1. What's the total number of residues in region D:150-178 that are surrounded by 23 or more Cβ atoms within 10 Å (Cβ to Cβ) and closer than 23 Å to D:Val35 by Cβ?
2. Quick test of your reading of the structure: B:Pro67 fulfils all but one of (1) surrounded by fewer than 22 Cβ atoms within 10 Å (Cβ to Cβ); (2) closer than 25 Å to B:Arg137 by Cβ; (3) not charged (D, E, K, R). Name the failing condition by number.
3. Please find, within region D:13-32, the residue that is modelled with the highest pLDDT out of those that are surrounded by fewer than 24 Cβ atoms within 10 Å (Cβ to Cβ) and of a type outside the set (A, V, I, L, M).
4. Looking at D:Gly188, D:Gly205, D:Gly111, can you tell me which residue is among the small types (Gly, Ala, Ser) and under 25 Å from D:Thr375 (Cβ atoms)?
5. For region D:120-134, enumerate the residues that are touching a strand residue (DSSP E or B) at 6+ places or on another chain (Cβ under 9 Å) and small (Gly, Ala, Ser).
6. Considering each of B:Asp232, B:Asp243 in turn, give the residue that is at the interface with chain A (Cβ under 9 Å from one of its Cβ atoms), in contact with a strand residue (DSSP E or B) (Cβ under 9 Å, 6 or more places away or on another chain) and acidic (Asp, Glu).
7. Out of B:Ala266, B:Ala343, B:Ala317, B:Ala253, report the one residue that is buried (at least 24 other Cβ atoms within 10 Å of the Cβ), more than 9 Å from chain C (Cβ to nearest Cβ) and under 18 Å from B:Phe220 (Cα atoms).
8. So, in region A:44-64, how many residues would count as being out of contact with any Phe, Trp or Tyr (no Cβ under 8 Å at 6 or more places or on another chain), in a loop (DSSP other than H, G, I, E, B) and surrounded by fewer than 24 Cβ atoms within 10 Å (Cβ to Cβ)?
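The values are calculated or read from the model by the stated rules, or taken from the named source; none is laboratory data. Only a predicted model underlies this, so the values are computations on that prediction, with no experimental measurement involved. When we count neighbours, we look across all protein chains shown, and the Cβ atoms used for this are built from the backbone with ideal geometry, even at glycine.
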4 protein chains.
Amino acid sequence: MAIEASKAERSGGRIRLGMIGGGEGAFIGAVHRLVARIDDQFEFVAGALSSTPEKARRSGRALGLEPARCYPDYRAMLAAEAQRADGIEAVAIVTPNHLHAAPAEACLAAGLHVICDKPLAASLDDALRLQKAAARRDVVFGVTYNYTGYPMIREARARIAAGELGRIRVVNVEYIQDWLTTALEQAGQKQAVWRTDPKQAGAGGCIGDIGTHAFQLLEFVTGLEVEALSADLQRFVPRRRLDDNAHIQLRLAKGARGTLWASQVAVGNENGLRLRVYGDKGGMSWHQEHPNQLLWTPYGEPTRILSRGGAGTGSAASRATRIPAGHPEGYLEAFATVYTEIAAAIRARDAGKRVPREVVFPGIADGVRGLRFVTAAVRSASRDGRWTKLG
Amino acid sequence: MAIEASKAERSGGRIRLGMIGGGEGAFIGAVHRLVARIDDQFEFVAGALSSTPEKARRSGRALGLEPARCYPDYRAMLAAEAQRADGIEAVAIVTPNHLHAAPAEACLAAGLHVICDKPLAASLDDALRLQKAAARRDVVFGVTYNYTGYPMIREARARIAAGELGRIRVVNVEYIQDWLTTALEQAGQKQAVWRTDPKQAGAGGCIGDIGTHAFQLLEFVTGLEVEALSADLQRFVPRRRLDDNAHIQLRLAKGARGTLWASQVAVGNENGLRLRVYGDKGGMSWHQEHPNQLLWTPYGEPTRILSRGGAGTGSAASRATRIPAGHPEGYLEAFATVYTEIAAAIRARDAGKRVPREVVFPGIADGVRGLRFVTAAVRSASRDGRWTKLG
Amino acid sequence: MAIEASKAERSGGRIRLGMIGGGEGAFIGAVHRLVARIDDQFEFVAGALSSTPEKARRSGRALGLEPARCYPDYRAMLAAEAQRADGIEAVAIVTPNHLHAAPAEACLAAGLHVICDKPLAASLDDALRLQKAAARRDVVFGVTYNYTGYPMIREARARIAAGELGRIRVVNVEYIQDWLTTALEQAGQKQAVWRTDPKQAGAGGCIGDIGTHAFQLLEFVTGLEVEALSADLQRFVPRRRLDDNAHIQLRLAKGARGTLWASQVAVGNENGLRLRVYGDKGGMSWHQEHPNQLLWTPYGEPTRILSRGGAGTGSAASRATRIPAGHPEGYLEAFATVYTEIAAAIRARDAGKRVPREVVFPGIADGVRGLRFVTAAVRSASRDGRWTKLG
Amino acid sequence: MAIEASKAERSGGRIRLGMIGGGEGAFIGAVHRLVARIDDQFEFVAGALSSTPEKARRSGRALGLEPARCYPDYRAMLAAEAQRADGIEAVAIVTPNHLHAAPAEACLAAGLHVICDKPLAASLDDALRLQKAAARRDVVFGVTYNYTGYPMIREARARIAAGELGRIRVVNVEYIQDWLTTALEQAGQKQAVWRTDPKQAGAGGCIGDIGTHAFQLLEFVTGLEVEALSADLQRFVPRRRLDDNAHIQLRLAKGARGTLWASQVAVGNENGLRLRVYGDKGGMSWHQEHPNQLLWTPYGEPTRILSRGGAGTGSAASRATRIPAGHPEGYLEAFATVYTEIAAAIRARDAGKRVPREVVFPGIADGVRGLRFVTAAVRSASRDGRWTKLG
């Protein structure tokens, strides 16, 4: 192996982290805990891991929390931790979508930094209220659009910002999976149940769960806002209550056009998030399942295979890189980068400094955009695809 | 190498072929001549290769035609050949789009078989008139949607027809190129000039040139008709007169939905025709630039890499296959298969027999569908993407 | 589509071609006939297609030869054609390996140009005798190492010759298939029978059939001769009489080292010919099953995907290119290029001119090298891998 | 996302870990610390991170160790920690190769579990002595051949053990990089300096650094021991003192044959570890840079793309899997799996139980095999490739 030590190792003490949600049987909570450990920036010390007090306690102890810090609900956690000299400094919120807003507001009120899973809320109203609340507090608010942590996504973003693709013309993003091909929710599969239930998931099914990732990624990478969309949403599985496939046309700032395709019934696709961007000077293509490569084509020249850690990658990517080229980093490392960037922001904020420019992570504005996207898509689809502004 | 002789060799004499268009400097005419030779089913014996008589003569002689059979225009060719005992039996029409209909009608009137490049005509009206004319004649009329000749396209079509994907839900077809990224037509590049000129190309630019291929391929493979579409057409290059990028949403028979993306400004893509189809039992993916493979996923099982000539491929594919697996066949062979299928139809027709079921090639109905597609797309786009029926 | 007419179209009359071998049930004969048609440089007019006279006649007539030119054996063909004003000018020899040398000598004696399938002969002695015979005649002698016809192989060769990879250090070539995984020859499969029979195939099984292709390709592309080798040959299938897998280490000119792996028992590989070359300034990789791409890496820069017809390819490749980038050319086109280059050489020779530098095709020297390779490999393997010179 | 919580979360307290080596500027030490955190099985509490006491102290404190547990050398660490109730239970040894054996022996003598980076030692004698020492102690000894932690490697191993490929015939492993293409060591690059110095690295350069990984992986996956080898080692960079490229032929148990290619001068390859195995019933291919896929071909059937977490993968893979299919796990997760397996073994051993069968990690026997491989390769190469037993 060719390269110097990981630069991701911590300097300074760990940030004390509490968690809301993520108890037994949860998926994304375990992911948050794991990725918070990767760069050793956080110490998981307290939790209100379930809305069922007994389960909350059992989950916390299984994870090695002190018994006293396994709380029956988040309000109890916030109250008790506020009394401790070594109380939590930040909170990860990993509940189902409709249970993001209330605890997030409570954390803000308690002056804690917030790391909230996406989407930010189950409705645009909730999201906007949260945004206002956050604006009044001098805390860090991260929303874990985790795909922003991939080094080659950083590379693409930096190159586009530098004008390497010229004026952007066409953006194509797709996020296709197949795990909801059958009526899993009717068989009681937990992840399927809440994601297809409008009360827990909000108005968007597939568009909320993964469409928002695709949407955020394309705005993140191109630096262009989507201004309007025309959506065709489908529910292919009988008796499913929310969309499981979505075809959306996009009009972006500066005359760019695009399409977004999200599907959870595209058999043979596991987690197929793919982004392609074309400008008048070049084009690019990136695929989440092989995230260490980025295809880059200056117009009139051969396509380059840029690789994480490899020749030709710049500081934006290397900031998010732990190990040398050819040693694949994956989903967890990208997610960890979001945590580590948030840690950097927290340290800056706590030191009374501005967050440095190079610290990049999705925040509450991205969260609000996500809800605007879902809201507009549902409205457009209900009007037979009428072009609808995102507001 | 493992396998028996090519089955594509001829039995019986060659079919005498004339050509209209395709003289000096033409691209597609040379392709037609080449692919007509591959399986030795046709003999190119006469031509009206240019609308400029001197150029027509020079082109013909350069290609080894007898001087007497290098005609100054197609009417002269049809008249003279009709007098010969060894006169032409079939005609390939390879003129620009707006010059397909008139010679095709003349050939039909002369009782000749017709092989017409796509799109069938520059307008739907012309196409419909031609369809009526053909219906009155007992001749073969092929339209060279050449991508139908790929063995793995045949394989996909046969498997879908057999129900292997179950009920089709989602179809995604894209055909993206980058050769019109800049204003080539303003620099006088011949291929660009006529393709971006409404008078010669018809109402569709990119959608006519390559969108029709994508459209025909998806109907051919899925066996489903597109019923309505919503189109967003763009002209990204300043002063370009026809679309160079198109985003189209589709509603197909039996509740399937789809998208079609055609672009000639997607930098880094050469001839990126890609088709993906998803049903409730499985999914598939095929990419024209690597045409010998077909990804096939029965739901709940690993993806298979089916290969031309390889294990698991059936008679529909092997009919279109010349050489063993691993010895790549490409664009020209697929195109040649269209010619060879047309030859089989001609032989059957000339023998007074029905064309056998297994002989498959695109005909005038496909050609008319292509014009319906272009017409509906242009209309929908002019109405801000209103859903528009194909009629 | 973006580009001008195929440049491969003929100027001048076709070269009259006879064929020895390649009758009913043969594989490679049909391929030769097909590829000879592709660029319209040859006209197939006579044949001694089988050593069984009746079969020879039947095969010839099925292919449309005049009855008088379906000869019962090659001597009869040479004698009769010599008397015709329109007699054959060149002969394709497509018999099993051990039947190449005698007819080739007879053709030479008759002053005919020869296109001989590989390997040149079943023994080095035969090959050397043939080489001497050819040296005395002013005719063209091509050996159909068909992989040399791929445009990206031409591109690689030209770039290496221009020094782009610097001093070559390591060469890795593999040619792996799986069609002899089981004892096909014991089941009577015709292609397997002769290829595993020392009397018909010569001393090499897998190394003769496909190893020679790999060997020739690496010398062709790198421009370096193999000086010595160390071979480990295996026969994995019980009672097989010739090698079905070979591991060979190579020492090349100028200090380069390499390995060659040939296998016909590597399950999952169809026709896996792959070449990688590394020098002190760069590296490259090419794979026959996706022949239109060439990976090219200048040291310290990102890898480029060079594509046939695409940006950055030079005249050596474009000479062998018929259609635009993204429209895949395959095995048959590459093979046709060998025929077309031979045609160019024949035209030059017949016009009393030097064969132009840019006309490139494998000849009798390549054929002799192939036999040296097989001979050295068998000898080395019999001595437990002792390093053995190629002489 | 479709799946339940990561099963890798800890039950029970963390194992207290010390580290020898891995201070400022080290690469692999940081990797060990990171991967030890991933599944939360270990707590890094003490270190002798450098042979320079001041640097050892500084490094330890930067990493958040208590000052008292930042030791100036490993002997001091072992002595002091033995006195603590909360003393270390296991030690990670991440020094250069020649400094593995002595501290490992000292740890064994102290009754501590050992996690040693590979290769086990700089000489076979050292390795054998260590093996004897370990045999006398009831501790766990892991050697971090980290590639064994990849889920699809586990899958391949389990399938081969179950006979799915039949009798193994041919194994092909390559591990090719390009980072030593130029004389980095002469420019003082730290990683290059020690790896090309026989005193620090031992007798093998490239074969020791990466060849041993390739060797171990092929034995691990196939379950077959290499019995003899024939090696050709090269030093392409002027004045380099150890091999930078190696071509090795292998004879394995049960008649299998193979080749191993290791290179650090193959331009365009980053960390190209690739394994292919062929038996009489099937074949497989795996590539480290895209580790979540495994190509699997039952003879006579289409190739399957098996994916980590996807359909058709079994318990051996899922044991090493954290997150759902399509969410790529990479190098660090695979490495973490080695740590987590070692943790499971430690917990079993400490509980006085047998290590369960499903707990799989490379141990001292693998380490010794690695040295046998290097020793035999160097000897064979010095005798012009004579076949040499591994002993």
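1. Count: 9.
2. (2)
3. D:Arg16
4. On the way: D:Gly188 fails: under 25 Å from D:Thr375 (Cβ atoms); D:Gly111 fails: under 25 Å from D:Thr375 (Cβ atoms).
Only one candidate passes the filter, namely D:Gly205.
5. Of everything in region D:120-134, just one residue is touching a strand residue (DSSP E or B) at 6+ places or on another chain (Cβ under 9 Å) and small (Gly, Ala, Ser), namely D:Ala134.
6. On the way: B:Asp243 fails: at the interface with chain A (Cβ under 9 Å from one of its Cβ atoms).
Testing whether each residue is at the interface with chain A (Cβ under 9 Å from one of its Cβ atoms), in contact with a strand residue (DSSP E or B) (Cβ under 9 Å, 6 or more places away or on another chain) and acidic (Asp, Glu) leaves just B:Asp232.
7. On the way: B:Ala266 fails: under 18 Å from B:Phe220 (Cα atoms); B:Ala343 fails: under 18 Å from B:Phe220 (Cα atoms); B:Ala253 fails: buried (at least 24 other Cβ atoms within 10 Å of the Cβ).
The unique qualifying residue is B:Ala317.
8. Total meeting the criteria: 3.
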